[in-house]
Amino acid sequence: MDYNQTFAKEVYEKVDSGDEIKVCMQCGVCGATCPLRGEMKYGPRQIWSLIRAGRRDEVLNNPDIMLCTSCYTCQVRCPRGVPIMEVMHGLAHYALAQGIVPRAETAKFGKAFWEGIYDTGRVDEAVVPIKYCLQDGLVAGLKKSLGMMDIGLALMKAKRMKPKMFIPPNIFIPGVHKIKGVKQLQRMLDKAAAIDAAKEA
Amino acid sequence: MTDETKKAILVVGGGMSGLSAALEAAEAGYQVVLVEKNAYVGGRVAQLHQYFPKLCPPYCGLEINFRRVKSNPRITIHTLAEVTSIEGAPGDFTVKVKVSPRYVNDKCTACGKCADAVSATIPNPFNYGLDQIKAAYLPHDLAMPLRYVIDPSIAGTDEGQKAAAACPYGAVDLGDAGQELSLNVGAVIWAAGWTPYDPSKIEYYNFDKSPNIVTNVQFERLAAVNGPTSGAIQRPGDGAAPKKVAFIQCAGSRDENHLPFCSSICCLASLKQSTYVMEKLPEAEITIYFIDIRAMDRNEDFYTKVKASNKVQFVKSKIAMITPQANGNLILEGENTATGERFKAEHDLVVLATGMQPNTALSQVPFDVTYDPYGFLTSGQAVIGVGTVRRPSEVVTCVQDGTSAALKAIQAVGR
Ligand SMILES: Cc1cc2nc3c(=O)[nH]c(=O)nc-3n(C[C@H](O)[C@H](O)[C@H](O)COP(=O)(O)OP(=O)(O)OC[C@H]3O[C@@H](n4cnc5c(N)ncnc54)[C@H](O)[C@@H]3O)c2cc1C
Ligand code: SF4
Ligand code: SF4
């Protein structure tokens, strides 16, 4: 088999924490500890293998890199101390920067989440799901929210979401939740994004 | 120079490393004082069922060494003894040693009448707590010295009195207060050995939650004829003969969160222990879960031999989780890195191949010495490290290292 290091080098240089996978010893703990192991086709270890094997398309289009929920379980258990979660997110971010969307729903949710932070300086349990649902238009959004009703109700029951958030005007004026100095925050975030873009270029 | 004008050599720890160093130095004509923390010498090797790679009983080798010790007037042994301070420099050290009371003097004939007389029991340290023994006990059948010990927990009680009254030789001495020794020696050899890594620290293995998860050192005792089951391999939980035995390699070793180094002997220990299962329970299925099998040099032949038996299934996976079941079985989860499959497998006995932690990482030398980041003694120091306090190793390497330590000590004494 022809052994091509080009993609591995690209990952080491351009992906956030990408060079850390060099110390992976392929033990398999990460894939087997991940709570989403049933959903992932490959899991972190096999993705590192694919990177080493130069399989760029397969890696960057892989939904697994966007399934990571940041639970940290693999990362605290990795016997080699690889910051697995950071690499998974780094890969997802890198894919998006290349115009590749490994998993559409996660990308949309991430966008809603991020825009919420950017606009108001905080994560709002009401704003994020609303933004997420409305990304494909009002009708599709209503359908999606109905489809996710059970999750919403469960969240309210567990007091993770407050019903009053959905009562106007709270929905329509997310601006009321803005933190002080949101402009400064935005300048910081813009700067961080510029640094990232330079690295990924 | 005669023996008398030369200073003695102190050896701390009477395992294979310390015994080898002591014997080599004594046989070269030097006075040797051996200080051993346990009530007997031999170290952890005394607790093994068989030796890899030849699968002979470790007592063969130990017996030969014991005979060499007994026939050599230059070696003095203090058991139940520990070094409390070291001062000076090579050529002239002053060492303080604390000897704990044994409550049994050298009149003991090991008849066992004291043990018959007492009813109190303690967890048996020789069997890694797998069973209980009387609080008046012989550490093990072939202990050297062959002398009983009264556990301090009963020394001041009626139970202690019963033991004293039962001894026909007046060997039980409840007034034993131990002693403090001060030694002037020319060299100090540190051979304090190792401790199995504590598996309860690997919390996702749930070691404390199931009696049917044992460590490799406990498994040696389960296979040994002088062990808690007289050599029958049984599940500690219910005494049943296991049908599906799993060995989990690198349990704590090669892990940044635990012992970051390879313990070097546990692959061979599990290969060896798989032959115990083959011999004693021919029907049982055996699986070894590993990252990679490390059987170096001539030991690779042993690996090849076990593999060729076709009785052991080798699964390339570090186990990520052990979940005890209500029926006492264990579910193991991992990712088979050869096939990519993420699996769950049920076993009825699990052996954790725990690694070697140097005792110098757990209890330091009372002298200004340097350690590597894992607590192993580094070379070229005033106190001479030997064996498993220098690096994880099998017995052959420890014996070689013992000779080398004896030579270094002889040079220091000659200064
Ligand atoms: C499961 C298992 C199976 C193994 N099987 C084999 C095998 O088949 N073949 C093989 O070659 N190797 C085997 N080994 C390795 C073998 O056990 C070690 O190589 C050997 O025990 C090392 O001897 P040592 O003298 O360095 O240490 P130890 O055996 O630990 O001896 C150290 C001695 O020092 C004493 N001591 C500790 N601290 C102090 C102190 N502060 N003061 C005074 N004394 C002290 C201890 O009580 C002990 O007696 C096995 C290991 C394991 C884990
Ligand atoms: S747990 Fe760590 S060392 Fe093991 S395969 Fe995953 S990244 Fe590699
Ligand atoms: S000898 Fe084998 S089991 Fe022990 S630490 Fe090394 S690789 Fe792991």
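All of the numbers you see were taken from the coordinates with simple rules; none came from a lab. These numbers were taken from a predicted model, which means no experiment stands behind them. Cβ coordinates were reconstructed from backbone atoms using ideal geometry, including for glycine residues, and neighbour counts include every protein chain displayed.
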Helix-only [θ]222 nm of chain A, DSSP H runs n ≥ 4, -39500 (n - 2.57) each, per residue, nearest 500: -16500 deg cm²/dmol
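Excluding residue B:291 itself, what net charge comes from residues whose Cβ is under 12 Å from its Cβ, given Lys and Arg +1 and Asp and Glu -1? Numbers along the way, then the final one.
Details: positive: A:45, A:80, B:254, B:294, B:316, B:318; negative: B:255, B:292, B:335.
Spelling it out: positives minus negatives among the neighbours equals +3.
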Once a ≥ b ≥ c are taken as the square roots of the eigenvalues of the Cα gyration tensor of the range B:47-183, is the result rounded (a/c under 1.5), prolate (a/b larger than b/c) or oblate (a/b not larger than b/c)? oblate
Give me the one-decimal nm value for the distance between modelled label points at residue B:63 and residue A:118, 7 Å along each residue's Cα-to-Cβ direction. 8.1
Antiparallel DSSP bridges in the range B:198-354: what percent, to the nearest 5? 40
If R0 = 45 Å, then residue A:135 and residue B:307, at their Cβ-Cβ distance, give a FRET efficiency to the nearest 0.05 of 0.20
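Using helices alone, I'd like the mean residue ellipticity at 222 nm for chain B: each DSSP H run of four-plus residues gives -39500 (n - 2.57), total over residue count, nearest 500. Before the final figure, lay out each step's value.
Working: 10 runs with 99 residues, N = 415.
-7000 deg cm²/dmol, from helical runs alone.
Size of the dipole of the range A:5-97 about the Cα centre, Lys and Arg at +1 and Asp and Glu at -1 on the beta carbon, nothing else charged, in debye to 20? Walk me through the numbers on the way to the answer.
Details: 11 positive and 10 negative charges, 62 e Å.
Charge dipole, the range A:5-97, about its Cα centre: 300 debye, nearest 20.
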How are the Cα pair distances of chain A distributed, in percent, across 5 Å bins from 0? 1, 7, 12, 16, 17, 15, 13, 10, 6, 2, 1, 0, 0
Could I have the simple spin-label model distance between residue B:372 and residue A:191, label points 7 Å from Cα toward Cβ, reported in nm to one decimal? 4.4
Take the Cα radius of gyration of the protein assembly as shown and divide it by 2.2 N^0.38 Å, with N its residue count; two decimals is plenty. 1.25
The range B:244-317: Rg/Rh from Cα coordinates, Kirkwood Rh? 0.98
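Quick check: net charge around residue B:340, other residues with Cβ under 10 Å of its Cβ, Lys/Arg +1 and Asp/Glu -1? Don't jump to the answer; show the numbers that get you there.
Working: positive: A:41, A:45, B:342; negative: B:335, B:341.
Taking every other residue near residue B:340 into account, the sum is +1.
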Determine which residues of the range A:108-134 fall in the zone a paramagnetic label at residue A:143 would reach in this model, i.e. backbone nitrogen under 19 Å from the point 7 Å along Cα→Cβ. A:108-109, A:130-134
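Based on the Kirkwood radius over alpha-carbon pairs, what value in µm²/s does the Stokes-Einstein equation return for the translational diffusion coefficient of chain B at 25 °C and 0.890 mPa s? Before the final figure, lay out each step's value.
Values: Rh = 22.7 Å.
It diffuses with D of about 108 µm²/s by this estimate.
Please state the charge dipole magnitude for the protein assembly as shown, taken about the Cα centre, from unit charges on C-beta atoms (+1 on K and R, -1 on D and E), reported in debye and rounded to the nearest 20.
Numbers: 68 positive and 63 negative charges, 265 e Å.
Around 1280 debye, computed over the protein assembly as shown.
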Place a +1 charge on the Cβ of each Lys and Arg in chain A and a -1 charge on the Cβ of each Asp and Glu, then give the dipole magnitude about the Cα centre in debye, rounded to the nearest 20. 700
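With an 8 Å cut-off on Cα pairs and a minimum separation of 6 or more residues, tell me the relative contact order of chain B in percent. Don't skip to the answer; put the middle values down first.
Details: 923 pairs, mean separation 83.6, N = 415.
Relative contact order comes out at 20 percent.
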